[in-house]
Structure formats: structure tokens, C-alpha cells
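Data first, discussion second: the structure below is written as C-alpha cells.
The values are calculated or read from the model by the stated rules, or taken from the named source; none is laboratory data. Since we're looking at a predicted model, the values are computed, not measured. Cβ placement follows ideal geometry from the backbone for every residue including glycine, while neighbour counts extend to all protein chains displayed. We work out accessible area using only protein heavy atoms, side chains counted, and drop any ligands, DNA or RNA first. Shrake-Rupley method; radii C 1.70, N 1.55, O 1.52, S 1.80 Å.
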Amino acid sequence: MYKYDEYDQAVVDARVDEFRDQVRRRLAGEITEDQFKPLRLMNGLYLQLHAYMLRVAVPYGTLDSRQMRMLAHIARTYDRGYGHFTTRQNIQYNWIKLEDAPDILAELATVEMHAIQTSGNCIRNISSDQFAGAAADEVADPRPWAELLRQWSTFHPEFSYLPRKFKIAVIAADEDRAAMRLHDIGIQLLRRDGVLGAKIFVGGGMGRTPMIAPEIKDFITADDLMSYLEACLRVYNRYGRRDNIYKARIKILIHELGADEYRRQVEEEFAQVKQLGIDPPAAELERISAMFASPPFDPAADDEVDRSDPDFAVWLDQNVRQHKQRGYAIVNISLKPVGGIPGDASAEQIDVMADLAERFSANELRVTHAQNIVLPHVRIADLKLIWDQLVEARLAEANLDLISDIIACPGLDYCSLANARSIPVAQKIAQRFADPARQRDLGELKLKISGCINACGHHHAGHIGILGVDRKGTENYQLLLGGSGAEDVSLGKITGPGFDEDGVVDAIERVTDTYIAVRQKGERFVDTYRRVGMEPFKEAIYG
Amino acid sequence: MKLITGNDLATGDVVWWTGDDWSRHVEDAKDAGEQAEAIAREQEAARRVNVPYVIEATATAEGPRPAHIKDRIRALGPTVRPDLTLKPADPTAGSWVI
């Protein structure tokens, strides 16, 4: 885990002091809401449907037990006893008081946390693979690079007022667990002839104009990576549209320029930027990398596990993944209990997860973009003990990547931008498919729900996606099929006319029934969709 | 009827204009009529409410009910957490929201 140095801590502490004064001036009437709004947003404080909402950054989704306990403490002390883990690997609190916000940020700063760059037209919190440092298939740990990007982008004077928000993901495996190509910049670390470098994709994103990022650079060596990214940002900052918020993202610029022309301009800029010497010296990269060294694994750790408890065995098969180290495993804790609110966890549950990480997972946790939690370094011999405690804390749902492991934005229950509620739809779908055997028979099926076109619930990237819209003051739900945020990235297509809340649940059941009827051996839902196309599903839905 | 709603500056609570003050309960809201926009601006300037806006609503025997679902959800709380609404003890309290 990265540990703040004196500069990091000074930056965060200074920001708390600054925001405390800004809040004081707002409450005293010295500044208006129009003046205050951009300041609070720079500190992650939104005004939502019912109250202020604070979005706390979890850099590249990595945190330790002490930080996790602080998140529980914030939930218990300043909110209403729970938090909501988001598709940006962050956490949001829905019931924050403005007058408490400076104290919350001060408490977060004591554990090296903040809410900087969780809003505004800047480079947002860097996202990454939740299995980083533990995955058997990675070529390098992406987190030192994500941390370098965090340091580079924090208060970068040139990129603090971009045309629009900017999201970067870093992965280091062929399996994409971070929806990398649906980011403004996607970085895939790889090795060529023994040299570490990266493939660069630019111009992806969801929202009202979903696009898959085209490849802009086949291979840039790690030594040149930061300069190349600086060049990518500079071209965008110079030519990205500022006159129309709906056309301001880099995906629109690249779509209009064409990938070839954008690439040409980046290469031209890169030639200039490289002279500036912004790539870090090897010693600095080594300093950062050393903080992400693997924990001391026991080479003699047992890799046998007693599967005699059938419920435990199901959870093992569904929620536990292979670790790079023999005798260890990666545990996925589902925050998707059937009938629950996707991504929500109570303060007590957050504390339980912190305790489990401290005792069993080298003190580390990860937040996933699918709104779940990961214990990355667990001895196989400890899995049963962990599962027992997860069962007790109602955190043992064995549904990872199944139809009830639904990504859902807060929707109209909380969000001032939403047009329709997402959470009740997620709950009804999960209840309809509550039978675990039925879910497992359906296999991997990623269902994602957004309550508006901004697509925080990643509906474009769902094998099945749902988009809530406002139709003359009534909630209506469009259904999409065939999306994916993984290495087989694709954008879902709308099936046809929308449905009401119950209608969309029925429609999904007709879709899954069709899948069962026409699938071939070994095909996931999305494989079958790609083979047979939309028509059989449309016929089943609209008949 | 026209209601004025906004958020309390310090706490963020949803509040409704009662004719001379602000209440957390939509049942206390009063029709602000043609003066609604002017009252909203005046109250915001006096820092008595944050980002107030005017909405359409219907008068009922139980009190005013906002016309749009978004404002009805604001009036009571999230539909998925009845324990966090303004009337957590009353299971029928939200029957008019959706």
C-alpha cells in the first residue's frame, strides 16, 4: 500500500483548512451558492435529492483496514449508518450536513484519505483492476502506475479546468476487470521483448454518447508513459469543445478528428513534451513500487480446502478467484444480497470487512467497479473462517457475476440528475431470480442499471442493460442487450419500446428464457446473443 | 398550486415554504401563487434556504402533493429505505409517492 510522504500529507491537510474556511464563509453569507458550488464540488460535496452527498476517493480502489474503519466511522458519526460503494471504486455518503463536511475531511486526512478529484472537470480518481498485485494473469502490478498518475494529476495546473471530466483506468492483464476501454484513457500495461510498456486507448466512455476507446498507441515504453499521457491531455485540453457540455468529452473530439489525426497530433506534442523531463526518475518509481510489494506469502501454505459444507462450496466456486501465489486466494465479498441495495454497506458491515482484511488479507481491501469488495490476499486454509464471519454479517451472497450481482446507480431515490429509480428495479430482478441454482444455471450474466442517460450504472456495458427514462412524468425503462465492459468490450443495443417497472422485469425473464432455449454448450448469455442476434430476443419480448 | 422547495443551507434537509417560514414537512407547504419566484429569490438572498425552486403541486385532503415524482420522492425520502423517510413508523406514509 502506498503511504503518504510529507508532501502528500501537507497537500491534503492544506486542502482541509482551505475548505473549512470556504464553508465558514458560505454559512456566514460571505459567498453565494454560485460562488461556493465549484469549491464544494472540488471537495467531492454535491447537493443531491435529499441532502448533501460526499464522494470520498478510494485511489485505484485500494485501501487498508484502518481506512476502511474510518469509512465506517464516518457512516456512523456523520451519516445514517451506511455508505454506498460506487462504480468509480469510491464511496458516497448520502446524508451529509454542510456544517460537518470540514470535520469529515479532517478525519479522512488522518488516514490518508480525501475527496479531491471526485468531481469537477479534472482528472478523476484513477481506476484499476481490483485484483492488482494478486492476479495470476498480470504482467506487472498496475498500482504503482496508478499512484504515479494520481500524483501527476493531483492539482495539475494545466489539467484542473479541462473541457470536461476525465477518467483514466490502468490494467495489466488481458482480462479486463476495470472496463478499461470505456474510459477517457485506458492503459494496458504489457511486456514486449522483456520491456515494460503500455498500449494506450483514448476516447472511450459511456454517458449519452457511448464509445469504445480506439487504440491510439500500440506500445509506449514505461519510460515514456507519463510524457505520452501528458501529450494526450494537452491535445484534448487545447481542442476539446468548451461551448457544449454534451460534446466536451475527449471521445467527441476523437470521433470528430478521427483517431489517426488525433494520434498524429499527440505524437507531435509528445516530441515536445518529452523534452520537459516529466517522466519520473527510476528511483522515484522504485520508491513507489516498493510500497506495493507483495505481502510475505508463506510458500508452504496449504491449498486444500474442506468443501463438505454445500453452501460454503457454492460460495467458493462463485466468489473466490485464483491467486498468483499457491496456497492463497482472492475473496470477492458481494454487496448484492437479494432484495438489498447494490453497493450499500452498513457501518457494522464495513467494520467486519476491515477486521477480516486485518486478520486474513495482509490488511488490504479493494473496491470494485461492480460495487463489491475484495480481500486480495487470503490463505486458502482461512476461507472457511472468513465465510463463517461473512455469513454472520450477511455478506456471503454467492452471486459474483451472476444475474443478481447487479450494478445499479443510486437513481431517482437519491440522485438529482436521475429520471427514474434504479434500485427498486434491481431489487425486483434479484428477487425474481432469487433461486441460486437458477442463477448458476444462467451463468455469467452482467446486468447493469442506470437511472438516466449519464450511465453511472454502466447500462451500455451490461450483457443486459436497463436505462431509466422519464416519459411524461412517469418512470420508463429501456432494455439493452449485448454490451460488455470486459476484454470483449461492446455496447448494448436497445431492444425496442420501453417498459414500466414490472414490465421490464418480465421482459428480462423472457430474455433469459430465450437464452436457455437457444444456447449452445458452454455459451454465456452474451455469447449466445452475439451468435443469434437480437431477433429471437425481440420476438420473445414483444411477440 | 405552486410550492417553493429547496434545501436547508447548513444541514441540506429538504424544506418547503410555509408562507412565513420553512418546514421539513410537505404537509406544511402553502401555495405561493404568483409571488413564488420572487419569494424564492428573496429567501435565498437572506440565506434562509439553498437553491430554492418553484414546483407545481396538487392540493389534497392530506396536504399538498408535488406533481412530479422527483419532488414527491424529495418530500418523503428514498422509496427503498422507508426507515430513513420522514415517517418511518408509518408503512402507508409513502403510498402517494409513486
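Table for the structure above
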item: Residue in the stretch A:344-366 that is out of contact with any His (no Cβ under 8 Å at 6 or more places or on another chain), away from every other protein chain (no Cβ under 14 Å), in a loop (DSSP other than H, G, I, E, B) and open to solvent by 20 Å² or more (accessible area, probe 1.4 Å) present; result: yes
item: Residue count, the stretch A:502-517 (criterion: surrounded by 15 or more Cβ atoms within 10 Å (Cβ to Cβ) and farther than 23 Å from A:E475 by Cα); result: 3
item: Selection count where residues are within 14 Å of another protein chain (Cβ to nearest Cβ) and open to solvent by 40 Å² or more (accessible area, probe 1.4 Å), scope the stretch B:1-10; result: 1
item: Segments classed as helices (runs of 4 or more DSSP H), wholly inside the stretch A:214-328, with at least 3 members that are open to solvent by 40 Å² or more (accessible area, probe 1.4 Å) and either without any contact (Cβ under 8 Å) to a residue 60 or more places away in the chain or within 30 Å of A:L383 (Cβ to Cβ) (or both); result: A:250-257, A:259-273, A:282-291, A:310-319
item: B:D28 vs. criteria of a type outside the set (G, A, S), within 11 Å of chain A (Cβ to nearest Cβ) and within 22 Å of B:L9 (Cα to Cα); result: no
item: Which listed residue, of B:V80, B:V97, B:V49, is buried (at least 17 other Cβ atoms within 10 Å of the Cβ), under 13 Å from the mean Cα position of the chain (by Cα), within 13 Å of another protein chain (Cβ to nearest Cβ) and within 25 Å of A:C452 (Cα to Cα); result: B:V97
item: Test: residue in the stretch A:431-438 that is within 14 Å of another protein chain (Cβ to nearest Cβ), of a type outside the set (K, R) and either farther than 19 Å from A:T474 by Cβ or in contact (Cβ under 8 Å) with a residue 40 or more places away in the chain (or both); result: yes
item: Some residue of the stretch B:11-19 being among the aliphatic types (A, V, I, L, M), at pLDDT 95 or above and surrounded by 15 or more Cβ atoms within 10 Å (Cβ to Cβ); result: yes
item: Selection count where residues are within 11 Å of chain B (Cβ to nearest Cβ) and open to solvent by less than 20 Å² (accessible area, probe 1.4 Å), scope the stretch A:94-111; result: 4
item: Residue that is farthest from the chain's Cα centre (by Cα), among those in the stretch A:65-85 that are open to solvent by 10 Å² or more (accessible area, probe 1.4 Å) and more than 13 Å from chain B (Cβ to nearest Cβ); result: A:T77
item: Within the stretch A:132-144, considering residues that are open to solvent by 20 Å² or more (accessible area, probe 1.4 Å) and in contact (Cβ under 8 Å) with a residue 60 or more places away in the chain, the one farthest from A:A14 (Cα to Cα); result: A:A136
item: Residue match in the stretch B:20-40 (condition: among the charged types (D, E, K, R), touching a helix residue (DSSP H, G or I) at 6+ places or on another chain (Cβ under 7 Å) and within 17 Å of A:L49 (Cα to Cα)); result: no
